[in-house]
Amino acid sequence: MWWGVAAALVANVLYSGGFVLEKRALAALPEVTVRRPARLLRLVLGSPLWIGGALALAAGFAAQLLVYRTLPIAAAQGIFVSGLVLLVLLSSRLLGEETSGRERYALGAILLALLLVVVSLREGGPGADTVGRAAPYPLILLVCVPSLATGVWLYAAAERRARRRHRMPTTGVEYGVAVGLLYGVSSLAIKGVSSRSTAGGIGAAALDLLRSPYPYLLLFTGAFGLVMSQAALQRCRASLIVPVCTTVSCLYSAVLGTLSFGEELPDEPLRLASRVAGTVLAVAVLLAMPKHDTAREPAGEPDCETEELRTREPRRPAAADPGLPARQGPAAPAGPRPRRGP
């Protein structure tokens with residue numbers, strides 16, 4: 001079980017580092033959009049820095065497989081939330097995003113939530129935590145398919161609102177919620193893949209996996225999540241998008257994953273209170289974090305509203321100074337002089 005805790009912390013490092021590297025790479029690229037996915041892929045695959053971030057995220061998914069084999073999904077999500085601490089620190093160092101006093105208090109509260117979740121774990125003996133290994137396929141599809149449709153629809157609706165000239169200012173929260181739904185489904189699919197047994201050999205395990213919905217859910221969330229997250233990450237701040245996405249993904253995975261895979265909460269009142277308090281505290285802190293950045297924008301990193309107004313508002317001609325004479329046009333060519341008489 002403690003290997004699972006270590007793997008979750010390693011996954012946090014990989015996820016945070018990957019998001020920051022991708023954000024830094026996207027800041028140097030032309031504007032990308034979900035309406036042109038082929039161009040988006042061509043641009044990001046041509047950036048070595050972005051490829052490094054993508055490899056870090058892929059390694060984080062691999063570590064997540066080990067986490068779900070050794071930890072209950074609710075406890076794992078409580079540990080994954082602690083990755084926000086490292087994300088904010090890396091964003092401050094590498095992206096120039098300043099951390100406010102309110103955010104520093106939030107980081108301390110998240111570390112306390114991590115400690116509460118870890119204390120609630122027990123390995124072996126009576127009352128030990130059980131890890132769910134299987135879930136009915138119809139139940140997984142019933143949970144995941146509407147969530148995927150909702151995430152794609154919400155993202156498309158946010159894109160349509162962003163293209164309107166007379167619109168309310170965009171905060172980017174809609175993008176985070178949409179991508180968070182996709183990542184929540186991805187977490188359930190990773191949990192399902194990790195629960196596949198290899199007792200019958202690699203070939204039998206691969207065939208069993210292909211008969212399940214999990215690899216197809218991963219393909220869908222991987223393709224759509226890649227395009228949607230990169231466009232949103234370039235358009236908005238990492239410190240805004242990632243916390244919202246993490247909140248939605250953790251809530252989705254902890255609640256629906258626990259029910260779908262039949263995992264039970266601790267029986268002991270003290271351990272139960274510790275786990276529930278840690279999870280609720282972590283989610284409450286993320287929800288209470290400010291959704292707008294009031295600090296001065298670093299060079300080259302405009303926020304959602306500034307970027308959209310700058311790229312879509314037409315330039316107006318400068319008004320003439322009333323104290324100066326109007327600029328005259330080119331003088332008309334002089335006509336022939338009248339001929340004088342003798």
Of all residues in segment 260-307, count the ones that are at pLDDT 70 or above and in a helix (DSSP H, G or I).
-> 19
Could you tell me whether any residue of segment 261-274 is of a type in the set (Phe, Trp, Tyr) and closer than 20 Å to Val173 by Cβ?
-> no
Tell me, please, whether a residue that is under 20 Å from Gly18 (Cα atoms), at pLDDT 80 or above and basic (Lys, Arg) can be found in segment 64-74.
-> no
Hey, any hits in segment 200-220 for a residue that's in a helix (DSSP H, G or I), crowded, with 21+ Cβ neighbours inside 10 Å and out of contact with any strand residue (DSSP E or B) (no Cβ under 7 Å at 6 or more places or on another chain)?
-> yes
Counting only residues in segment 119-142 that are in a loop (DSSP other than H, G, I, E, B) and within 14 Å of Arg275 (Cβ to Cβ), the one modelled with the lowest pLDDT is identified as Gly127
Picking from Val227, Val242, which residue would you name as being surrounded by fewer than 22 Cβ atoms within 10 Å (Cβ to Cβ) and assigned to a helix (DSSP H, G or I)?
-> Val227
Taking segment 34-74 on its own, how many of its residues are without any contact (Cβ under 8 Å) to a residue 60 or more places away in the chain, of a type in the set (D, E, K, R) and assigned to a helix (DSSP H, G or I)?
-> 2
Any chance you could count how many residues in segment 2-31 are crowded, with 22+ Cβ neighbours inside 10 Å and either among the β-branched types (Val, Ile, Thr) or in a loop (DSSP other than H, G, I, E, B) (or both)?
-> 1
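The values are calculated or read from the model by the stated rules, or taken from the named source; none is laboratory data. Here the structure is a predicted model, which means the values were calculated and not measured. Every residue, glycine as well, gets a Cβ built from its backbone with ideal geometry; the counts of neighbours run over all protein chains shown.
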